[in-house]
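In what follows, a single structure is set out as structure tokens and then discussed.
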Amino acid sequence: MKARKRLPRLVFDFIDGATGQEVAMQNNCVELDAIQLQPRVLVDVENISPACKLLGDNYGLPFGVAPMGMCNLAWPGADAAISEQAAKRRLPHCVSTAASTTMEKSYQQANSQAWFQLYAGTDTEQSEEMISRAEAVGYEYLVLTVDTPRLSRRNRDVRNGFQVPFRIGPRQFVDFALHPRWALSTLLGGPPGPMNYRTSKLGKSFQRNDSRGGIDWTYLQELRRRWRGKLIVKGVSSTKDAIEVKALGVDAIYVSNHGGRQLDSAPAAISVLPAIRQAVGEDYPLIFDSGIRSGDDIVRALAMGADFVMLGRPILFALGAGGAAGLNSFFNHLEEDVKSVMAQIGVTNIHQINSAVLAEIQSGNLND
Ligand SMILES: Cc1cc2nc3c(=O)[nH]c(=O)nc-3n(C[C@H](O)[C@H](O)[C@H](O)COP(=O)(O)O)c2cc1C
């Protein structure tokens, strides 16, 4: 893989790695791969549209960019390149609390095709400041991530001495020296940092290991009252939690296991999706990520109950491999892929994709 060659090991592993033995991360992809779609024939698929609607808004594609901290480590202009694609293709760029560009700048660069992702913890003053800033900028979507009560141990990061802010010891120095192109372009103007924290008026420094364990159902209830825009809860994988979240008036649930970065013994995210769909009902909006690598995967997730899909690591690898041009061609391929898969299974519209497109031999659709 080109990104593996071009990025220092410490950066590649920060992106690629997961918690524990990385079983959950692998299972996310293995379980997606195992889902078969049913080819159909003699359907007029001359005009295929990958556009779709979510929460009343129109998107050019059925997928967007998952929130990721420190994207500029993958390529110096990563955040800006993602925003540019979001604006150009009408897809959401979910801007992380720990982003390496301020939420204000990303919202502007994405031409308002941006959602803000909130990490809230015991420091409610800090969270409130982030929410007020997002509100002032004009963000309409707030995505509260709830699956990181503690930052899990990521063995590759521990081995490589990955820290934010960067500490450059002898080991990291050698790693960077072996990747001079990356080192010169990324480190010369000062290494990327968590810009929403750096520009905070509260003057508190970002600690990657800060506890986010203090928030509970009461917090979500208060946040629902506080945030007048659309509220999404990210990181749900239990039907019981999904039912509670929906009952609190949250607009959409984002089913995810954080790409296997939090609990190694968690089920593959795609495996829990059908049960959550059943629990919340047909019409409740569900967003999905964890393990999506291709157009087939996007359609698989839609067939399993998602209304919209997000991608994490592949975005950063496209940037690491080819910068802004690499990301552009990745999106071109992905769009083509989605359309091609739709043609093979005989659908012309994203909203036609549901469990009826799953392979007959797998899904019991035989007698339809
Ligand atoms: C480098 C990296 C940074 C991430 N940072 C965040 C973050 O700041 N907030 C968040 O909610 N999720 C974060 N995630 C998780 C992603 O939003 C997403 O859930 C996950 O990457 C999806 O899995 P995938 O990488 O297999 O597509 C991060 C993931 C990666 C790879």
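No value in this document is a laboratory result; all are computed from the given coordinates. Predicted, not measured: the structure shown is a model, and the values here were computed from it. Here the Cβ is made from the backbone with ideal geometry for all residues, glycine too, and neighbour counts use every protein chain on show.
Rounded to whole Å, give me the distance from the Cα center of the stretch 172-233 to that of the stretch 290-368.
29 Å
Sorted from fewest to most neighbouring beta carbons within 10 Å, what does the list ILE292, ILE276 look like?
Listing ILE292, ILE276 from fewest to most nearby Cβ atoms yields ILE276, ILE292.
How far is helix 124-137 tilted off the main Cα axis of the chain, in degrees rounded to 10, range 0 to 90?
Helix 124-137 sits at roughly 70 degrees to that axis.
Divide by every residue of the chain the summed helix terms, -39500 (n - 2.57) for each DSSP H run of at least 4, and state the resulting mean residue ellipticity at 222 nm, rounded to the nearest 500 deg cm²/dmol.
That calculation yields -13000 deg cm²/dmol at 222 nm.
Note down the nm distance, to one decimal, between modelled labels 7 Å out along Cα→Cβ at ILE168 and at GLU282.
Using points 7 Å along Cα→Cβ, the separation is 5.9 nm.
So which aspartates and glutamates can LYS246 reach, going by Cα to Cα under 17 Å and dropping same-chain residues fewer than 8 places off?
Leaving aside aspartates and glutamates fewer than 8 places away in the same chain, those within reach of LYS246 are ASP147, ASP216, GLU222, GLU282, ASP283, ASP307.
Can you sort CYS94, CYS29 so the residue with the fewest Cβ neighbours within 10 Å comes first?
In order of increasing Cβ crowding within 10 Å: CYS29, CYS94.
Between GLN362 and LYS204, what is the label-to-label distance in nm when each label sits 7 Å out along the Cα-to-Cβ direction?
Spacing of the two 7 Å Cα→Cβ label points: 4.5 nm.
With label points built 7 Å along Cα→Cβ from the Cα atoms of VAL43 and ASN354, find their separation and express it in nm.
1.3 nm
Does the stretch 169-232 come out rounded, prolate or oblate by the C-alpha gyration tensor, with a ≥ b ≥ c the root eigenvalues, rounded set by a/c under 1.5 and, if not, prolate when a/b is larger than b/c and oblate if not?
prolate
Name the aspartates and glutamates eligible as straight-distance cross-link partners of LYS105: C-alpha to C-alpha under 13 Å, and not fewer than 8 places from it in the same chain.
ASP79, GLU84
Considering only the other residues whose Cβ falls under 13 Å of the Cβ of ASP79, what net charge follows from Lys and Arg at +1 and Asp and Glu at -1?
-1
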